[in-house]
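I have placed the structure first, in the form of structure tokens, so that the comments after it can refer back to it.
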Amino acid sequence: MAGRRPRVLTLSPKESVILQLLVRDDEAYGLELVSASRGRLKRGTVYVTLGRMEEKGYITSRLEDAPPEAGGLPRRIYKATALGRQVLEAWSQPAKFLIPAVTR
Amino acid sequence: MTAPSGQLRRFLSRHCATAAMDHLVDPILTDIQIESTSAAVRGQRWASRWIRAAGAIALIKALAVYGWTRFWSIREWSADDRRALIRTLSYFAAVAVAAIPLLMMPFLLRFPATRAWEVAPYLVPQALPLALPVGLFVGLLYGFRARVVSPRPRTAVIILAVLCSAASFASLAWIVPVSNQAFRVAVSGNERIEKGTPEMTLGELRTRIGAYAARGRDVSRMALTYHARWALAAAPVVLTSWAFLVVARLPNRRLVVGIVAIASCVAYYSLMGAGQFAVLRESLPPAAGAWLPNAAFVAALILLPRRTPNDERRTAAASL
């Protein structure tokens with residue numbers, strides 16, 4: 001899924017929320033992001049957005065063994081890449097400049 | 001992984017691409033599994049059930065969103081898929097747009113030029129249900145001929161055919177009767193001219209048939225018009241299915257494709273005329289007469305063998 005880089009580096013509001021959370025918490029799994037977003041992310045769309053962000057190279061993922069009591073498949077943990085952090089920074093700058101209240 | 005989740009995963013793995021399984025299905029199922037198990041371990045049985053139910057809905061929604069975005073992501077289509085769809089749409093648009101004035105011509109030639117321009121817009125809705133299936137049929141034959149395509153452009157064309165059927169139905173049921181009446185008023189200058197059978201909407205026609213039948217009057221002509229509207233609305237879907245079958249058997253020659261396209265369209269509309277004639281001669285009931293061309297083409301679809309030499313070539317090309 002990874003590898004295809006968009007010609008223009010775009011960042012949707014949902015992608016921005018995910019990047020902010022991943023920059024803050026370093027790593028997180030899908031449902032963790034949903035609960036940490038306080039309603040800004042939905043269970044049904046977060047995984048599609050995460051997949052798209054991975055394609056864009058904004059985030060990377062690794063598999064982590066599930067807790068022994070849960071069993072089953074390993075859990076996928078997501079982390080922001082350097083590109084993702086740069087894009088978030090670049091997209092946040094105009095907002096900081098135009099809306100000072102956002103930065104308070 | 002619990003038995004239902006395991007079964008669901010096995011089922012989805014048969015139908016989803018590896019990338020979709022790795023980055024969509026597995027993360028969702030794993031998160032649901034871990035969260036619900038954690039809730040159950042804490043003794044929160046209802047919370048555990050809620051997590052599973054919400055997770056199942058999330059999975060359906062995620063798959064729908066993923067499938068929809070992937071399907072319409074034209075950049076990811078192969079060159080053959082893109083060309084097939086673009087050529088189909090181009091031919092469809094060109095043939096449909098060209099067919100509309102041709103179908104209107106016999107009526108317009110009865111009027112002086114200036115008057116013909118005035119009444120022409122009233123005839124467009126009537127020409128549309130005939131022009132759309134022909135355009136789609138010809139477009140598909142030329143767009144898909146001699147190409148190895150995936151199910152994506154096929155699905156796009158099927159969606160287009162269903163939309164054309166819906167547009168035809170809306171036109172035949174409500175728009176054509178209104179425009180026909182407006183045409184008659186414009187030609188006669190009499191605003192109170194009474195509606196004939198073609199000027200009635202589908203609902204009005206059904207009511208009139210019921211009323212006449214209750215009085216014991218012959219309603220075969222009205223019933224034929226009623227059923228013919230439904231049957232003609234189905235033409236884009238029927239002709240598209242026929243085109244998919246035919247295009248797999250055609251040699252890569254424009255002339256042959258053209259001849260097959262014309263022959264198929266002539267056969268369809270001749271059968272429509274034959275069905276109407278048979279109803280008027282009381283040889284067939286109105287519904288059977290109206291649906292005769294669709295029934296004949298569907299029967300041919302069922303009876304013709306599925307595999308063709310072109311299929312064999314496609315299978316060989318796909319396996320390379």
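The values are calculated or read from the model by the stated rules, or taken from the named source; none is laboratory data. Because the structure is predicted, anything quoted here is derived from the model rather than measured. Backbone-built Cβ (ideal geometry, glycine too); neighbour counts: all protein chains shown. When the accessible area is computed, the model is the full protein with side chains, heavy atoms only, and any ligands, DNA or RNA have been set aside. Shrake-Rupley method; radii C 1.70, N 1.55, O 1.52, S 1.80 Å.
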Out of B:V260, B:V185, B:V246, B:V176, sole residue that is open to solvent by less than 40 Å² (accessible area, probe 1.4 Å), closer than 21 Å to B:Q276 by Cα, β-branched (V, I, T) and in a helix (DSSP H, G or I)
B:V176
Please go through region B:71-90 and give me each residue that is over 21 Å from the mean Cα position of the chain (by Cα), in contact (Cβ under 8 Å) with a residue 24 or more places away in the chain and open to solvent by 30 Å² or more (accessible area, probe 1.4 Å), ordered by number.
B:S78, B:D80
When A:S35 is evaluated against the numbered criteria (1) in a helix (DSSP H, G or I); (2) surrounded by 14 or more Cβ atoms within 10 Å (Cβ to Cβ); (3) modelled with pLDDT under 90, which criterion, by number, is the only one it fails?
(2)
Within the group B:G196, B:G216, which residue is surrounded by fewer than 19 Cβ atoms within 10 Å (Cβ to Cβ) and within 23 Å of B:P125 (Cα to Cα)?
B:G196
Residues in region B:153-165 that are crowded, with 20+ Cβ neighbours inside 10 Å and not aliphatic (A, V, I, L, M): how many?
3
Take B:I28 and tell me if it is under 30 Å from B:A156 (Cα atoms) and either modelled with pLDDT of 85 or more or not hydrophobic (A, V, I, L, M, F, W, C) (or both).
yes
Filter region A:35-51 down to the residues that are facing chain B (nearest Cβ under 9 Å) and either touching a strand residue (DSSP E or B) at 6+ places or on another chain (Cβ under 7 Å) or aliphatic (A, V, I, L, M) (or both) and list them by number.
A:V46, A:V48, A:L50
Quick one: count up the residues across region B:34-49 that are within 12 Å of chain A (Cβ to nearest Cβ) and open to solvent by 10 Å² or more (accessible area, probe 1.4 Å).
7
On the basis of being without any contact (Cβ under 8 Å) to a residue 60 or more places away in the chain and within 30 Å of B:R75 (Cα to Cα), does A:R76 make the cut?
yes
Pairs, please: C-beta under 7 Å, at least 6 apart or cross-chain, first residue more than 23 Å from B:Y269 (Cα to Cα) and in region B:97-118, second open to solvent by less than 90 Å² (accessible area, probe 1.4 Å)?
B:F111/B:V119; B:A116/B:L108; B:E118/B:A186
Test for A:R40: is it open to solvent by 10 Å² or more (accessible area, probe 1.4 Å), outside any helix (DSSP H, G or I) and under 19 Å from B:I34 (Cβ atoms)
no
